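I have placed the structure first, in the form of structure tokens, so that the comments after it can refer back to it.
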Amino acid sequence: MAATSERTVNLWENRITAHIKVAGQGQPLVFLHSGYGLIWSDFLDQLARDFTVYAPEHPGTSEGDPDAIKPLDDFWDLVLYYYELFDKLGLEAPAVVGHSFGGMVAAELAATNPKRVGKLVLIDPLGLWRDDTPIKNYMVTPQAQLDPLFFHDTNHPARKLVFMNLEEPESIIRVTWALGCTGKFIWPIPERGLRKRAHRIAAPTLLVWGKEDGLTKPVYAEDFRKIIPGARIEMVANAGHMAPFEQPAAVAGLIRDFLKK
């Protein structure tokens, strides 16, 4: 694993302590994680070979700091919170990579203030809604039913990193709280009006999608491509919604090639 350090900065009038894992060298890359919490995996290790990776934990999801979610009332508070974080870290317009819920946040950061995101990568993001292809409420769905939605290979070792593990009680607490904190901002449906703002995104944008994503199905990739100027899609074979865990080398390679251009 890459050598990681942890930074903490005070935000939101010192009411929230942000926890950020940092690793690597090179141009800055901010990674915004899914609703299952920040999991440092081979995917982030690979990105850290070429970039300085800043991986903040969404407010409230950091172990030992559950109350950090309370000062943020809605999704727009969260967006402004991340601009504050960029300021504190000295990041004017970094590359931003977001996965799932993190992709939803990343897209809104780029649409709300186009100057704050240099390049944008959305990996199987939430943020849009189709009545003909609804997104399952994964927070209340039994894990056994989520397996084929999240993973092409339902026996993939990364499953134990993502889901609750009855043999590790701390994982039950971690996942439950992470889902609760991020769920505050997205349900009953994760559509917050991005369709009418996405034309404001100025950052070159790459959409990375697991071909077998059963949660945000590939039809959503085309929807995102249509509303984000100049966006292009890369599909990842043998991968579901958790593509960065299931195919870390392939996903990291696509991001590396895109950001290095």
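No value in this document is a laboratory result; all are computed from the given coordinates. As the structure is a prediction and not an experimental result, all values here were calculated from the model. Counting neighbours? That spans all protein chains shown, and the Cβs are built from the backbone with ideal geometry, glycine included.
Here are the numbers for the structure shown:
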quantity: Stretchable slack from T133 to N155, in nm (0.36 nm times residue separation minus alpha-carbon distance); calculated: 5.3 nm
quantity: Top positive-direction residue, dipole computed over the chain with Cβ charges, set L109, F31, Q143; calculated: L109
quantity: Within a Gaussian network of the chain (alpha carbon springs, distance under 10 Å), most fluctuating of S100, S62, S171; calculated: S171
quantity: Gaussian network model of the chain, springs between alpha carbon atoms under 10 Å - residue of E57, E191, E212 with greatest fluctuation; calculated: E191
quantity: Extension gain from E191 to W76, taking 0.36 nm per residue of separation minus the Cα-Cα distance; calculated: 40.1 nm
quantity: Pairs beyond 27 Å (Cα-Cα), from K115/K211; K88/K226; K136/K211; calculated: K115/K211; K88/K226
quantity: Within-14-Å neighbourhood charge of A178 [Cβ basis; K, R +1; D, E -1]; calculated: -2
quantity: Under-5 Å amide H pairs with V236, H placed in peptide plane, nonlocal only; calculated: W209, G210, K211
quantity: Listed residues A48, V79, T17: farthest to the positive end of the dipole of the stretch 4-260 (Cβ charges); calculated: V79
quantity: Within the chain, percent of DSSP bridges classed antiparallel, to nearest 5; calculated: 40 percent
quantity: Out-of-range pairs (alpha-carbon distance over 20 Å; input K119/K260; K119/K261; K119/K184); calculated: K119/K184
quantity: Furthest towards positive pole of dipole, P125, L166, L179, structure part the stretch 109-188, Cβ charges; calculated: P125
quantity: Magnitude of the charge dipole, the stretch 4-260, Cβ model with Lys/Arg +1 and Asp/Glu -1, debye to 20; calculated: 860 debye
